[in-house]
Amino acid sequence: MRRLGFRCALDRTRTGAAVRLLGGPERLVRFLRAVDPAVAARHPLAGTPVTGDPDLRVVSVEPLGTTLPMYDITTGTGDFVAEGVVSHNCYARNSHTYLDLDAGADFDSQIVVKVNVARVLERELRAPRWAREPVAMGTNTDPYQRAEGRYRLMPGIVTALARWGTPFSVLTKGTVLTRDLPLLTAAAADVPVSLGVSVALLDRHLHARLEPGAPTPAARLDLVRRITDAGIPCGVMVAPVLPLLNDSPEALDALLGRIRAAGATRATVMALHLRPGTREWFRAWLAREHPKLGERYDLLYRRGSYVAPEYRRALAERVGPLLRRHGLDGSREAATATLRPPVPPGPVAEPPAAEQLTLLPPAPPRRGPGPGPDERKPAGRPNGGDG
């Protein structure tokens, strides 16, 4: 292997040893072309992590003038990540099925908590291989959902990230974040910190039926104000925009006006996305609450998870002038942005002994682990209506 220019490692097991190729997919492709191993099972690249040259940077993202399908190349959950280009879709409901729970009633009542997350994170951040890439929280499920009020995991996470010079962002609809504002403000003095709040509705009647258990729109707007008053810029994710329910120009104008009055620096507007798991739950809700809209939703989502392209174009044309009018298109934020000095690398220390918890129990029963490091508790709507 070394004579051919390949780096490798020898993994010893109880039954023998295996040679593991190092260097990622690029080296694996070169190895397959150079050697053509006899073990055909080693040839497929499916499941291989996709990485690139760390010096590569995204220069621009430009429209192609056409619509192409987007393929999930990461986890099967709906995220597409390719060297800085990210398309995120709400899949919190469906991710419950990975834990042998269902995306309906179990999502509304069951939650799995990794109570040693801060200790494991600290160990990972101490590792010499960690390059202090930005960490995004809230991309699957809300880090400040109601369970955080009981378990208080985020203070340890925020402290560890700031201590080890790691920029981070948080997207939430949970007002529990208010508790940690002093800590987040202190962290922002050491590393870049980005906070965002999800607000899609002003209609309390619609909110109560669509997001029971989640903080009210007024409470979330108050959270935006508290964040900006603390001196941290705050963006708002206006998502999901529900076709035919909260997408009128008047509704969007009123919502963006309230968001701007709360002090938000920018807003992003996104239409409802219905992946499997979320799709079934939402259609059942729609059949109960707005049965007359069923056929129109069938037409709008006839291509699958994404709303029809013509609707997306119409929504963008409707929203663009409103964002500019309310100063939420990012121009105000860009005009006031300040450059931060590079974050010096933290000291490299030997990690303390810590053990990563397993995601699933090692043996039946299949309904989850008993008392111990992982806790599964009935918690009403633990995910605050995400998904």
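The values are calculated or read from the model by the stated rules, or taken from the named source; none is laboratory data. Predicted model, so just to flag it, every value in this text is computed and none were measured. Cβ placement follows ideal geometry from the backbone for every residue including glycine, while neighbour counts extend to all protein chains displayed.
Out of 41, 18, 46, 9, one residue alone is outside the structural domain of residue 274 (by TED's automatic domain parsing) and either in contact with a Lys or Arg (Cβ under 6 Å, 6 or more places away or on another chain) or modelled with pLDDT under 55 (or both). It is 9.
Inclusion of residue 107 among residues that are over 22 Å from residue 191 (Cβ atoms) and in contact with a helix residue (DSSP H, G or I) (Cβ under 6 Å, 6 or more places away or on another chain) is warranted.
Mind listing just one residue for me: the one in the range 124-151 that is basic (Lys, Arg) and closer than 15 Å to residue 111 by Cβ and, of those, modelled with the highest pLDDT? Among those that are basic (Lys, Arg) and closer than 15 Å to residue 111 by Cβ, it is 150. One residue stands out in the range 211-235 among those that are in contact with a Leu (Cβ under 7 Å, 6 or more places away or on another chain) and either outside the structural domain of residue 108 (by TED's automatic domain parsing) or among the aliphatic types (A, V, I, L, M) (or both): the one that is farthest from residue 196 (Cα to Cα), namely 230.
Being closer than 30 Å to residue 123 by Cα and out of contact with any Pro (no Cβ under 7 Å at 6 or more places or on another chain) holds for only one residue in 245, 210, 181, and it is 181.
Taking the conditions exactly as written (closer than 24 Å to residue 237 by Cβ and out of contact with any helix residue (DSSP H, G or I) (no Cβ under 9 Å at 6 or more places or on another chain)), does residue 134 satisfy them or not? Yes. One residue stands out in the range 137-169 among those that are in contact with a helix residue (DSSP H, G or I) (Cβ under 9 Å, 6 or more places away or on another chain) and polar (S, T, N, Q): the one that is nearest to residue 186 (Cα to Cα), namely 159.
Whether any residue in the range 224-236 is under 25 Å from residue 293 (Cα atoms) and touching a residue at least 12 places away in the same chain (Cβ under 8 Å) is what I want to check. Looking for residues that are under 25 Å from residue 293 (Cα atoms) and touching a residue at least 12 places away in the same chain (Cβ under 8 Å), one finds none in the range 224-236, hence no. Taken over the range 135-152, residues that are in contact with a strand residue (DSSP E or B) (Cβ under 8 Å, 6 or more places away or on another chain) and of a type outside the set (S, T, N, Q) amount to 9. Of the residues making up the range 221-250, those that are over 21 Å from residue 300 (Cα atoms) and part of a loop (DSSP other than H, G, I, E, B) are 230, 231, 232, 233. From the list 279, 313, 275, 303, the one residue that fits, being assigned by TED's automatic domain parsing to the domain that holds residue 236 and modelled with pLDDT of 90 or more, is 313. Considering the conditions (1) over 20 Å from residue 161 (Cα atoms); (2) polar (S, T, N, Q); (3) at pLDDT 90 or above, residue 94 is excluded by exactly one of them, (3).
Residues in the range 240-274 that are touching a residue at least 60 places away in the same chain (Cβ under 8 Å) and crowded, with 18+ Cβ neighbours inside 10 Å: how many? Count: 13.
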